[in-house]
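One structure is given below, encoded as structure tokens.
The values are calculated or read from the model by the stated rules, or taken from the named source; none is laboratory data. Note that the structure is a prediction, hence the values are computed from the model and not measured. Cβ placement follows ideal geometry from the backbone for every residue including glycine, while neighbour counts extend to all protein chains displayed.
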Amino acid sequence: MQSKKRGRRFSRNWKHSHKNKKQTRKKNMKLAVTSTGTNLDDLVDPRFGRCACFIIVETEDMSFNAITNNNSAAGGGAGIQSAQLVAEQDANVVLTGNCGPNAFRTLEAAGIDVITNIKGSVRDAVEHYKTGSLSATNGPNVSSHAGMTP
């Protein structure tokens, strides 16, 4: 009987600690925003796989890191390679204008939420996200290879 009590006690503690981690994660998220440049005042790039940069933003303090997207000139597979790059940055959410099916599936497999149809500056996009006015997209919003045409 004592082992059952320990098991229950352990599971209660696990649930409690798990709940706290979820709450912390919601307060401080790491966002990957497609960008035309390297700072928060640059515009959101409408193309995911072929964007110029990814701005990785910590929502808690708005600190950020600009990552050049070397996949933008790839002949093919830019969406998948860019999704892998974002996953390597431990991003929780992607904010972008458009996301094709291959990139979307890769991000989804990595557990990263995708929010599309984002316009304006990177800073404004992050602020809108923080207010809770943006929600995850259910699927890709463009066809494959849509980013190849300017």
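Just to check your reading of the model, which residue among Val114, Val122 is under 19 Å from Val142 (Cβ atoms) and in contact with a Leu (Cβ under 9 Å, 6 or more places away or on another chain)?
Just one listed residue meets the conditions, Val114.
Show the residue pairs meeting these rules: Cβ distance below 9 Å; 6+ apart or different chains; first residue within the range 112-141 and closer than 23 Å to Pro101 by Cβ; second residue among the basic types (Lys, Arg).
These pairs meet every condition: Ala125/Lys119; Pro140/Arg105.
Table: residues versus (1) within 24 Å of Gly139 (Cβ to Cβ); (2) modelled with pLDDT of 95 or more.
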position	(1), (2)
Ser17	no, no
Ser35	yes, yes
Gly49	yes, no
Asn65	no, yes
Ala74	yes, no
Thr96	yes, yes
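Mind listing just one residue for me: the one in the range 114-142 that is assigned to a loop (DSSP other than H, G, I, E, B), out of contact with any Ser or Thr (no Cβ under 7 Å at 6 or more places or on another chain) and surrounded by 15 or more Cβ atoms within 10 Å (Cβ to Cβ) and, of those, modelled with the lowest pLDDT? Spell out the reasoning first.
Applying the first criterion (assigned to a loop (DSSP other than H, G, I, E, B)) to the range 114-142 yields 116-120, 132-142.
This time we only want the ones that are out of contact with any Ser or Thr (no Cβ under 7 Å at 6 or more places or on another chain), so: 117, 119-120, 132-136, 138-140, 142.
This time we only want the ones that are surrounded by 15 or more Cβ atoms within 10 Å (Cβ to Cβ), so: 134, 140, 142.
Details: Leu134: 94, Pro140: 90, Val142: 71.
Among them, the one singled out is Val142.
I need a count of the residues in the range 78-113 that are among the acidic types (Asp, Glu) and either crowded, with 20+ Cβ neighbours inside 10 Å or under 8 Å from the mean Cα position of the chain (by Cα) (or both).
1
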